[in-house]
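Structure first, commentary second.
The values are calculated or read from the model by the stated rules, or taken from the named source; none is laboratory data. Since we're looking at a predicted model, the values are computed, not measured. So basically every Cβ, Gly included, is an ideal-geometry build from the backbone, and we count neighbours across all protein chains shown.
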Amino acid sequence: MTLSAIIQVAKNELVCDLAQVYGIFDYKNMPARLIATLAIGLEENSRVMKKLAGQTYNLQEMLLATIADRLSLLIYMQRGDKRAPKPELLTEILAGNKHSKKKTEVTAYLSPDEFEAAKRKILEG
């Protein structure tokens, strides 16, 4: 896969991974061949690799969720209280089969001034 193809599919993920892993904050001022080599060298659980593979979560994360689900189900069954609600399964939530009760909305700001203006608006009501 070429660097331009990676950028087209996963530009934001690439920027984050390059900054986190290699300390590169401005990849555009570096040789494309070097950036392509570094991008391909990222681990399978990096943002770019997960995006390119169409994965939201890697195998380790799904196995941990499975372990947590089994444990919560064992505890639920051990209690024997039929009135207690059955625990939500993390694997179903992660796989997208079930929506979590908690919705998280992320807001990004392009500048500190934009952030401060939004903060003032929230605090002032």
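Could you say which residue among Ser72, Ser46 is surrounded by 17 or more Cβ atoms within 10 Å (Cβ to Cβ), touching a helix residue (DSSP H, G or I) at 6+ places or on another chain (Cβ under 9 Å) and modelled with pLDDT of 90 or more?
Ser46
Considering only residues of the range 88-117 that are part of a loop (DSSP other than H, G, I, E, B) and modelled with pLDDT of 90 or more, which is nearest to Gly54 (Cα to Cα)?
Once the filter is applied, the top-ranked residue is Leu89.
Which residue pairs have Cβ atoms closer than 7 Å, lie 6 or more positions apart in sequence or on different chains, and pair a first residue in the range 23-43 that is at pLDDT 90 or above and surrounded by 13 or more Cβ atoms within 10 Å (Cβ to Cβ) with a second residue that is of a type in the set (D, E, K, R) and assigned to a helix (DSSP H, G or I)?
Going by the 7 Å Cβ cut-off, the qualifying pairs are Leu42/Asp17.
Rundown of residues vs (1) surrounded by fewer than 10 Cβ atoms within 10 Å (Cβ to Cβ); (2) in a helix (DSSP H, G or I); (3) more than 16 Å from the chain's Cα centre (by Cα), yes/no style:
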residue	(1), (2), (3)
Ile7	no, yes, yes
Asp17	no, yes, no
Tyr76	no, yes, yes
Pro85	yes, no, yes
